[in-house]
Amino acid sequence: MEIKKKQQAFEVALRELTGANSKLAEALKKDHIDLDTLTDIEVIELFWATELFPIYADKSPHTRRAYKQDLEFVLSFIMTKTEGLKCLTVLDIHRYLFDLNEQYAPRTAQRKNNMLKRLLTYLHINQYHQHNLAFHVKNQKRAEPLRREVDFEEIERIAESFRHTVKRTQKKELMELRNETIGYLLLTTGMRASELLSAKFNDVKRNQHTFYIEVKGKRDKWRRIPLTEKASYLINRLQTLMMIEEMDSPYVAFSTKKSGKPMTYEAVRLMTHKAVEFVAAENTNPPHWFRRAYITKLLANGSPLIGVMQLVGHESISTTNGYLQTLERLSNVSNTELPFE
């Protein structure tokens, strides 16, 4: 039943694609996909419909958007810096690798390389290229940029300064409390900014030991994050003040512009920058800086690597292990169960 459902969805997508271009429909009628009669853009469209759509149709919107951007990058390079898909050479591949390595971090570059490999293999299998140029696509590495040393006292001051970023006078007390809650949760939970923005009041729960918040992370994986007493107090106080001010929203980081919606990431980023400016520090720190500080301090307190990985929602333990490099410069870190309690 599931297979039939997917097949129907694919057929609908294919009809939508080929309905406006008879050449694409004609290219699919032979025992192999005939690409020779198509333009470069048409080849890419057919590649997306026949090769990528069946694989990525069930993926999250974030994943589909990322792979679409990867394919757009490949197409842009081919259209502007080569003689076209049919005339691609090994030299073109190496030029692509150089440009990619100059513009993107290793992990992003690897993902875009995989997209090019898939496209080149597709062209070879369908007899568009005599040789498979995918063998010449290599994942290049470069040194990761040095991370700024974490100053825990400074980051606490920044989190406390979130409430001072409110400029409006209407419902100012409510806005200040919302911003203070956002800053404190970023500081004490290690949540990604996107996770905080999707957090709702009914995600905050209590068991016999403590308050915790259930967070939906990457790949729709849920995890529980313990809350400090101050965090639970701020959330309860915020919810009470919202009722008094007749503000109705299920989200902790609620939007004042769109009723019933959370704030945007851009709004949180600007809020972070204003808080940084308030304490006269650098003005380029994203919300993710709080998450990094949280993870680093957990590791500094001796928390097990595997436990931290599960708590913060990393997909690979190597990602968590990367935070250990910052610990060499840390000193005088108190051994508390939760950071910043």
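The values are calculated or read from the model by the stated rules, or taken from the named source; none is laboratory data. Since the structure is predicted, the reported quantities are computational estimates derived from the model, not experimental observations. Positions of Cβ are generated from backbone atoms using ideal geometry, with glycine treated the same way; all protein chains shown enter the neighbour counts. Side chains included, ligands, DNA and RNA excluded: accessible areas come from the protein's heavy atoms. Shrake-Rupley method; radii C 1.70, N 1.55, O 1.52, S 1.80 Å.
Some notes on this structure:
- Sole residue being surrounded by 14 or more Cβ atoms within 10 Å (Cβ to Cβ), at pLDDT 85 or above and not small (Gly, Ala, Ser), chosen from GLN110, GLN170: GLN110
- Within region 251-277, the set of residues being part of a helix (DSSP H, G or I) and β-branched (Val, Ile, Thr) comprises VAL268, THR272, VAL276.
- LYS86 being at pLDDT 85 or above, crowded, with 17+ Cβ neighbours inside 10 Å and part of a helix (DSSP H, G or I): no
- Against the conditions (1) at pLDDT below 95; (2) open to solvent by less than 30 Å² (accessible area, probe 1.4 Å); (3) closer than 18 Å to PRO262 by Cβ, LYS216 satisfies every one except (2).
- When each of LEU299, LEU311, LEU338 is tested for being surrounded by 15 or more Cβ atoms within 10 Å (Cβ to Cβ) and at pLDDT 85 or above, the lone residue that passes is LEU311.
- Pairs with Cβ under 7 Å, 6+ apart, first in region 103-123 and farther than 16 Å from GLU72 by Cα, second surrounded by fewer than 17 Cβ atoms within 10 Å (Cβ to Cβ): PRO106/LYS141; PRO106/ARG142; THR121/ASN132
- Odd one out for ASP248, checked against (1) outside any loop (DSSP other than H, G, I, E, B); (2) open to solvent by 20 Å² or more (accessible area, probe 1.4 Å); (3) at pLDDT 85 or above: (1)
- Subset of region 64-83 that is more than 14 Å from ASN114 (Cα to Cα) and among the hydroxyl-bearing types (Ser, Thr, Tyr) - its residue that is surrounded by the fewest Cβ atoms within 10 Å (Cβ to Cβ): THR80
- Residue in region 190-197 that is open to solvent by 40 Å² or more (accessible area, probe 1.4 Å) and without any contact (Cβ under 8 Å) to a residue 60 or more places away in the chain present: no
- Output for region 299-315, where each listed residue is among the polar types (S, T, N, Q) and not in a helix (DSSP H, G or I): ASN301, SER303
- ILE306, sole failed condition from (1) under 17 Å from ARG157 (Cβ atoms); (2) at pLDDT 80 or above: (1)
- Residue within region 120-133 that is open to solvent by 40 Å² or more (accessible area, probe 1.4 Å) and farther than 23 Å from THR37 by Cβ present: no
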